[in-house]
1. So what is the 222 nm mean residue ellipticity for the chain from helices alone, if each DSSP H run of at least 4 adds -39500 (n - 2.57) and you divide by all residues, rounding to the nearest 500 deg cm²/dmol?
2. Quickly rank 18-28, 280-290 as a protection proxy: mean count of other C-beta atoms within 10 Å, highest first.
3. For the chain, what percent of Cα pairs sit more than 32 Å apart?
4. Counting every Cα pair in the range 225-336, what percent are over 23 Å apart?
5. How big is the C-alpha Rg of the range 106-193 next to the rule-of-thumb value 2.2 N^0.38 Å, as a ratio?
6. Listed highest first by mean packing, meaning other Cβ atoms within 10 Å per residue, what order do 49-62, 116-129 come in?
7. Provide, for q = 0.15, 0.26, 0.27 Å⁻¹, the log10 of I(q)/I(0) from a solvent-free Debye sum over equal Cα point scatterers in the range 274-336.
8. Using alpha carbon coordinates only, what is the Rg to Rh ratio of the range 139-273, with Rh defined as the Kirkwood radius?
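The values are calculated or read from the model by the stated rules, or taken from the named source; none is laboratory data. Values in this document were obtained by computation on a predicted structure and should not be read as measured data. All Cβ positions, glycine included, derive from the backbone under ideal geometry; neighbour counts span all protein chains shown. Accessible surface is based on the protein model in full, side chains and every heavy atom, while ligands, DNA and RNA are left aside. Shrake-Rupley method; radii C 1.70, N 1.55, O 1.52, S 1.80 Å.
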Amino acid sequence: MTVVGPFGLSVRDQALEADVQTGLAAVEAGLLDATKSEIPFITEAAQHLVLAGGKRFRPLLVMLAAQFGDPYAPGVVPSAVVVELTHLATLYHDDVMDEADVRRGVPSANARWDNSIAVLTGDFLFARASHTLADLGPEAVRIQSEAFERLVTGQILETAGPQGGRDPVDHYLDVLGGKTGSLVAVSCRFGAMMSGADESVVDILTQYGERLGVAFQLADDVLDIASDSHESGKTPGTDLREGIPTLPVLHLRAAAAAHGRPEDVELVELIDGGLGDDARHAEALRRLRVHPALEQARRDTVRYAEEARAMLAPLPEGYAKSALEELCDAVVHRAG
């Protein structure tokens with residue numbers, strides 16, 4: 001048994017392990033090649049986050065989904081490069097929007113250079129992803145463009161907030177479906193499609209990826225509150241301090257509005273009063289960690305992960321299916 005990929009995924013078959021490791025190594029080489037420019041400064045900026053590492057969660061899903069067809073088909077690795085380049089580009093833009101100082105343990109591009117360089121570098125990565133995508137055919141271009149539209153729509157909806165009295169939790173879950181679920185779904189779809197898997201398999205894996213992507217983000221929401229370590233790749237309470245709405249806080253607000261318990265209203269007021277002060281931040285974290293809203297967010301995470309696992313039921317038994325099921329368990333474990 002060998003551990004590869006994010007969450008310490010256990011691969012119990014030597015042939016699958018070899019395919020995954022070979023594929024991920026080829027993706028890494030493809031990322032470095034795609035981020036090179038004749039202008040050294042652009043190469044430096046474009047490779048900034050590539051060289052910082054990362055889970056490579058989306059390329060891993062491409063490789064596992066490709067196991068249901070020919071994992072060595074020529075479009076598999078390039079499609080994994082496309083989804084990871086797209087993901088990296090969104091990180092450059094997200095860091096500008098969030099005014100983040102650190103990403104993946106290194107200074108964010110906007111902190112190292114400035115916002116303009118970060119935004120333009122993200123655009124450069126989108127352009128390089130499109131260049132690679134063009135070689136994969138018009139169907140791949142259409143799929144990616146639709147996913148990218150959903151991703152941007154999710155970002156816009158998050159920025160605008162719920163409209164017309166819509167339930168904030170429902171709104172947030174829709175946002176995550178666009179921002180995170182869409183690209184994770186495409187990762188699974190590309191892997192299966194490029195490998196020549198049956199259309200029914202492609203559809204199953206796409207739906208699996210959509211749900212797994214949302215569960216993955218919800219687990220991050222829980223970790224932001226619950227973790228005392230750096231499991232999420234960020235200092236615990238980062239989203240809370242920055243006022244970014246996450247599911248535990250949204251559940252807290254709903255409980256305060258519905259029941260008016262003084263302790264809930266007081267905690268909402270504490271959060272809304274700003275958490276720049278370390279003592280206020282620590283107090284908000286302490287109280288959220290024992291609040292039922294956190295457990296409710298955990299249950300939502302489990303629900304999406306279980307829905308993802310259930311989607312896999314029609315697929316033939318094998319090591320690839322087991323690995324995809326294990327990813328569902330790993331997401332739940334992160335939020336446990």
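1. Numbers: 17 runs with 239 residues, N = 336.
Roughly -23000 deg cm²/dmol at 222 nm, from the helical runs in the chain.
2. On the way: 18-28: 18.1, 280-290: 15.5.
So the order, starting with the most tightly packed, is 18-28, 280-290.
3. Details: 16792 of 56280 pairs.
Tail fraction, whole percent: 30.
4. On the way: 2419 of 6216 pairs.
More than 23 Å apart: 39 percent of the Cα pairs in the range 225-336.
5. Working: Rg = 15.7 Å, N = 88, 2.2 N^0.38 = 12.1 Å.
Normalised by 2.2 N^0.38 Å, the Cα Rg of the range 106-193 equals 1.30.
6. Numbers: 49-62: 21.4, 116-129: 19.3.
Packing proxy ranking, top to bottom: 49-62, 116-129.
7. Log10 of I(q)/I(0), two decimals: -0.60, -1.02, -1.05.
8. Working: Rg = 17.7 Å, Rh = 16.6 Å.
Checking Rg against Rh, the ratio lands at 1.07.
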